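Novice: Before I ask anything, here is the structure I am working with.
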Amino acid sequence: MIIDATGLHFRDLNDKIRGGGESIRIEHCLGQRYILSGQKGKKVTIAGTPGNALGACLNGCDITVYGNAQDAVGDTMNDGRIVVHGDAGDALGYAMRGGRIFIRGSAGYRTGIHMKEYGDKKPAIVIGGGAGSFLGEYMAGGVILVLGLGLEGCPLGNFTATGMHGGRIYVKKGQAPPHLDGRLTVGDADEADLAVIRPLLDEYAAAFRVKAEPIRKAGFYAIKPDTDNPYKTLYAAN
């Protein structure tokens, strides 16, 4: 099924998607919000630029965007996969609880904040370029992998992982991330870390038709919460 989104209000576009089949192509998308919000069981390709909250509360769709995406992609996402052949805006994967997001280029501020995991739900975000400040803020679970492709120096902004108390952030080796909190540990990715990185990197490489091995050989830092120095005083009692 092909949907021409030219001039469509986001509610009308989403009505068409819900009433369509399992395989849908959206053409001429231009800023429509909440596309596929809360939906499952569909494979959708989007040509253009979807608006805020693409795949919010997603429950199992496979979404591919040929273009950039705006803010809050995968907000509170439960399951499924989102692939963006471009850049993404702020708050990518906010409170993400499951599924995988792959960004060919870079992402804005506060990517992966409040990410969490439970049981077999382990969300993952892979960013090919760089990420803005406050990456992984208050992160409680899941994995963020930043490849820094085509960028010199550290591909992260300031205050990475502020308040992080679970999960892992991996970033290409080189210049160390700035302004890291003392309640974090930073070191070379070990074999256990690489076992997590490899399948995500392979999936990224397959999605965007790049070679994984040269990226893997560059090496990665692993940023983790320091379990010996946790956020014991994060909340205060009256």
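Novice: Return the residue satisfying two criteria in turn: it lies in the stretch 200-222 and is outside any helix (DSSP H, G or I) and basic (Lys, Arg), and of such residues it is surrounded by the fewest Cβ atoms within 10 Å (Cβ to Cβ). If you could, list the steps in order and put the result at the bottom.
Specialist: Narrowing the stretch 200-222 to residues outside any helix (DSSP H, G or I): 209-211, 218-222.
Going one step further and asking which of them are basic (Lys, Arg), we end up with 209, 211.
Details: Arg209: 6, Lys211: 8.
The extreme case among them is Arg209.
Novice: Pick out, from the stretch 76-184, the strands (runs of 3 or more DSSP E) lying fully within it that include 1 or more residues that are modelled with pLDDT of 95 or more, touching a Gly at 6+ places or on another chain (Cβ under 6 Å) and surrounded by fewer than 24 Cβ atoms within 10 Å (Cβ to Cβ). Quick ask: steps written out before the conclusion?
Specialist: Working: elements: 79-84, 100-103, 124-127, 140-146, 166-172.
Fully inside the stretch 76-184 and qualifying: 79-84, 140-146, 166-172.
Novice: While we're here: Which of the strands (runs of 3 or more DSSP E) found entirely inside the stretch 1-58 contain at least 1 residues meeting this: within 22 Å of Gly98 (Cα to Cα) and in contact with a Cys (Cβ under 9 Å, 6 or more places away or on another chain)? Spell out how you get there, then give the answer.
Specialist: On the way: elements: 2-4, 23-30, 43-49.
Passing ranges, in order: 43-49.
Novice: Oh, and also: Between Ala56, Ala47, which is buried (at least 18 other Cβ atoms within 10 Å of the Cβ) and not basic (Lys, Arg)? Lay out the reasoning, then the answer.
Specialist: On the way: Ala47 fails: buried (at least 18 other Cβ atoms within 10 Å of the Cβ).
Within the list Ala56, Ala47, the selection yields Ala56.
Novice: Let me ask another. Please name all residue pairs, on different chains or six or more residues apart, with Cβ atoms under 6 Å, provided the first residue is in the stretch 60-71 and is within 12 Å of Ile35 (Cβ to Cβ) and the second residue is small (Gly, Ala, Ser) and buried (at least 18 other Cβ atoms within 10 Å of the Cβ).
Specialist: Correct list of pairs: Cys61/Gly80; Ile63/Gly55; Ala69/Ala88; Gln70/Gly51; Gln70/Gly89.
Novice: What tally of residues in the stretch 59-71 results from selecting those that are assigned to a loop (DSSP other than H, G, I, E, B) and crowded, with 24+ Cβ neighbours inside 10 Å? Steps first, please.
Specialist: Quick first cut of the stretch 59-71, residues assigned to a loop (DSSP other than H, G, I, E, B) only: 67-68, 70-71.
Filter once more, so that each one left must be crowded, with 24+ Cβ neighbours inside 10 Å: none.
Of the residues in the stretch 59-71, 0 are assigned to a loop (DSSP other than H, G, I, E, B) and crowded, with 24+ Cβ neighbours inside 10 Å.
Novice: Just need a number here: residues in the stretch 128-165 that are within 16 Å of the chain's Cα centre (by Cα) and of a type outside the set (A, V, I, L, M).
Specialist: Selection size over the stretch 128-165: 15.
The values are calculated or read from the model by the stated rules, or taken from the named source; none is laboratory data. Please read all numbers here as calculations on a predicted model, not as lab measurements. All Cβ positions, glycine included, derive from the backbone under ideal geometry; neighbour counts span all protein chains shown.
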